[in-house]
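Every read-out reported here was derived from the displayed coordinates using simple, explicitly stated rules and does not represent laboratory data. Predicted, not measured: the structure shown is a model, and the values here were computed from it. Cβ placement follows ideal geometry from the backbone for every residue including glycine, while neighbour counts extend to all protein chains displayed.
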Amino acid sequence: MQDPKSIMKLLAMGNLLTPYAAFQAELRFINEFNLNSNSKISDKEAIEGLMKELDIKDKETLINWQKSNLLSTDIESLSEYAQFRFKRRNIVDQLISSNAEALFLRFKDRLDRTLYSCLRIADENLAQHLYYSIESGEMSFGDAAEKYSEGPEAKTQGILGPCDLTVPHPEISSRLRTATPKQLFKPFPIDEWFVILRLEYRFDSELNQSTKEVLGKMLLNSKVRQLSLQINKEMINNFLGE
C-alpha cells in the first residue's frame, strides 16, 4: 500500500489536488452541520433513500455498486454512507429553502440552455453578403458557415451548444437572451470579426424540484469554497514540509 506522500504526489501529478480538497471541505462541512432534531431516519430508510437517489432497484445491483465504488459490502459501511448522503440532501434542501426564487433569478443564465448558429467573418462586406443570402434562403446557414466561417464553428456547420448563456461572448449572449427561435441577426462586430447569429432554440429553466437541487448544490459548493482553498494550501504545505 502506498504511503500518504506518494498518494499526494500522484494527486498532484494528475491535477487532482483541487477536487480532492473540495471533497474534503464538503465532507467536513456536512459532518459539522447541525440539522434539526427531527431530521433523523433509520438506517433502513437511509439505504432506501440512497437506492432511490442512485436509481438502484434491487439488492444485487446495490452490492455491485458498492464493489465498484470500493465500499465494503457489509451493512454497517453501507448504512454510514447512506446516512451521509441523507444528511447531504437535507443540507442542500435547507440551504435552498429560504431563498430559492432569488437564487433562481440570479443564476438563470447558468440554468437555461441555448443552441445557436454562429458565423465569423473578418471581411464586413462578405459578412453582409452572406447575411442577405441566408435571410433570402439563397444559402443555408450551415453551408455558409462551413464554407466561409473563420471560427471553429465552420466544422459544425455553424452550430454551437447547447450551452448556458455564460459561455458565449457577452455580445452574443445579450442577443440570444431576448431572441425568438430562428431569429437571424445582422452582422455585428466582436473583436476582429463580424458575426452573423441565429438562435435555434432556447430551453428556459423553471423553478421546480430538479432546479432547486441544482441550485442547492451550487450553494453548497459556494459554502465550502473558502474551506477548500484552505485545505488545499495545508496539503501543499504539509507535502513540501516533509
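Compute the longest continuous run of the chain that contains no exposed trypsin sites (Lys or Arg not before Pro); treat a site as exposed when its DSSP state is not H, G, I, E or B and it has at most 15 other Cβ atoms within 10 Å.
Here the longest run is 58-181.
For the range 148-164, just list the computed ³J(HN,Hα) in residue order, Karplus coefficients 6.51, -1.76 and 1.60, θ = phi - 60°, integers in Hz, with x standing in for Gly and Pro.
In residue order, the calculated couplings are 10, 5, 9, x, x, 5, 4, 7, 10, 6, x, 6, 10, x, x, 8, 8 Hz.
Could you name the aspartates and glutamates in cross-link range of residue 40, using Cα to Cα under 16 Å and dropping any fewer than eight places away on the same chain?
32, 48, 80, 93
Near residue 219, within a Cβ-to-Cβ distance under 13 Å, what is the net charge of the other residues, with Lys and Arg +1 and Asp and Glu -1?
Every neighbour counted, the sum reads +4.
Among the lysines, which have Cα under 16 Å from the Cα of residue 59 when same-chain residues fewer than 8 positions away are ignored?
Cα-Cα hits under 16 Å: 44, 67.
Name the long-range amide H neighbours of residue 119: under 5 Å, sequence gap of 5 or more, or other chain; modelled H, no Pro or chain starts.
Correct list: 196.
Taking θ as phi - 60°, what are the ³J(HN,Hα) couplings along the range 179-188 by the Karplus curve (6.51, -1.76, 1.60), each to the nearest whole Hz, with x for Gly and Pro?
3J(HN,Hα) across the range 179-188, in whole Hz: 6, 9, x, 6, 5, 9, 9, 4, x, 9.
Near residue 166, within a Cβ-to-Cβ distance under 13 Å, what is the net charge of the other residues, with Lys and Arg +1 and Asp and Glu -1?
Once all neighbours under 13 Å are counted, the net charge is +2.
Where does helix 209-241 land angle-wise versus the long Cα axis of the chain, in degrees 0 to 90, nearest 10?
70 degrees
For the range 1-68, what does the alpha-carbon gyration tensor say about shape, rounded, prolate or oblate, given a ≥ b ≥ c as the root eigenvalues, a/c under 1.5 as rounded, and a/b over b/c as prolate?
oblate
Using the basic label-point model (7 angstrom from Cα toward the beta carbon), what is the residue 191 to residue 203 distance in nanometres?
Roughly 2.8 nm, to one decimal.
Do you know the relative contact order of the chain, to the nearest whole percent, from alpha carbon pairs under 8 angstrom that are 6+ apart?
26 percent
Can you tell me the dipole magnitude for the chain around its Cα centre, using point charges on the Cβ only (Lys, Arg +1; Asp, Glu -1), in Debye to the nearest 20?
580 debye
What nm distance separates the two modelled labels at residue 122 and residue 80, each placed 7 Å from Cα along Cα→Cβ?
In this crude label model, residue 122 to residue 80 measures out at 6.2 nm.
Okay, which of the range 14-34 sit inside 16 Å, backbone N to the point 7 Å along the Cα-Cβ direction of residue 94?
26-34
Averaging sequence separations of C-alpha pairs under 8 Å and six or more residues apart, then dividing by the length of the range 96-199, give the relative contact order as a whole percent.
36 percent
Along the Cα→Cβ direction, 7 angstrom out, place labels at residue 225 and residue 23. What is the inter-label distance in nm?
Those two pseudo-labels are separated by 2.2 nm.
What does the extension gain come out to for residue 237 and residue 156, with contour length at 0.36 nm per residue minus their alpha carbon separation?
Full extension from residue 237 to residue 156 adds 24.6 nm.
Looking at 77, 61, 160, which one has the Cα that reaches farthest to the positive end of the dipole of the chain (charges on Cβ: Lys, Arg +1; Asp, Glu -1)?
77
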